[in-house]
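Report on the following structure.
The values are calculated or read from the model by the stated rules, or taken from the named source; none is laboratory data. Fair warning: this is a prediction, and the values are worked out from it, not measured in the lab. Every residue, glycine as well, gets a Cβ built from its backbone with ideal geometry; the counts of neighbours run over all protein chains shown. Surface areas here come from the heavy atoms of the whole protein model, side chains and all, with no ligands, DNA or RNA. Shrake-Rupley method; radii C 1.70, N 1.55, O 1.52, S 1.80 Å.
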Amino acid sequence: EADIYQTPRYLVIGTGKKITLECSQTMGHDKMYWYQQDPGMELHLIHYSYGVNSTEKGDLSSESTVSRIRTEHFPLTLESARPSHTSQYLCASSPQGENIQYFGAGTRLSVL
Amino acid sequence: AQKITQTQPGMFVQEKEAVTLDCTYDTSDQSYGLFWYKQPSSGEMIFLIYQGSYDEQNATEGRYSLNFQKARKSANLVISASQLGDSAMYFCAMRLSGGYNKLIFGAGTRLAVHP
């Protein structure tokens, strides 16, 4: 089982602000993921990474960007937040040779 | 196209009784994996159980079991002896082909356990 930390848990911010959602894991997992989830709906993959300096876009188009400079850190950035970005963002990681993804507690973002 | 379908938006069960949450999937891959996650109101996703497509026996984890019927492409979750703490959203997911362990999720089923 992994320890995945997401900060902040809740964020209320005004339109046009730049924000970074943090995600860190302590288990050295090589694969990491970002999902977007509207209330009561399914999760959609927006970004993933299979190692340092590798990032790929997921199945749902997103205006956010990610980086993977260190194995344990996978931050997500929105350059200019808009109300349409209001959602929950969940980070997950998966170790090499294992199928299971372990999730963080999520960040609930509200853009006013 | 690969797809997960959960047809039960909401389910109710009496405490201590068993409940089955339905999940059907669509894929043309021979090798795939199926997962169930629990999401309490606090928002985190908790892994419950995993079934590989080549596993001959149904997966079990404590009170959770996965009723895997490959020919019907179904992977229903059975929770035995329901507890009040089981009240949550439950999501069925499938690992996509192409590596990287990417998952697609169903729309979820909200389970309410009544005392």
Exactly one of (1) more than 10 Å from every other protein chain (Cβ to nearest Cβ); (2) of a type outside the set (Ser, Thr, Tyr); (3) surrounded by 14 or more Cβ atoms within 10 Å (Cβ to Cβ) is unmet by A:Ile100. Its number?
(1)
For A:Ala105, which of the numbered conditions (1) in a loop (DSSP other than H, G, I, E, B); (2) within 8 Å of chain B (Cβ to nearest Cβ); (3) without any contact (Cβ under 8 Å) to a residue 24 or more places away in the chain fails to hold?
(3)
Taking the criterion of being part of a helix (DSSP H, G or I), in contact (Cβ under 8 Å) with a residue 24 or more places away in the chain and open to solvent by less than 30 Å² (accessible area, probe 1.4 Å), would at least one residue in the range B:27-45 satisfy it?
no
Within the range A:73-95, count every residue that is surrounded by fewer than 22 Cβ atoms within 10 Å (Cβ to Cβ) and either within 10 Å of another protein chain (Cβ to nearest Cβ) or farther than 26 Å from B:Tyr100 by Cβ (or both).
7
What's the total number of residues in the range A:73-85 that are under 16 Å from A:Thr7 (Cα atoms), part of a loop (DSSP other than H, G, I, E, B) and of a type in the set (Ser, Thr, Tyr)?
0
Within the range B:78-92, considering residues that are more than 8 Å from chain A (Cβ to nearest Cβ) and within 30 Å of A:Glu56 (Cβ to Cβ), the one nearest to the chain's Cα centre (by Cα)
B:Cys92
Taking the range A:63-72, which residues are away from chain B (no Cβ under 14 Å) and not in a strand (DSSP E or B)?
A:Glu63, A:Ser64, A:Ser67, A:Ile69, A:Thr71, A:Glu72
Do the conditions hold for A:Arg82, that is, is it basic (Lys, Arg) and closer than 30 Å to B:Gly10 by Cβ?
no
Any hit, the range B:49-57, residues being within 11 Å of chain A (Cβ to nearest Cβ), modelled with pLDDT of 95 or more, open to solvent by less than 50 Å² (accessible area, probe 1.4 Å) and under 22 Å from A:Cys91 (Cα atoms):
yes
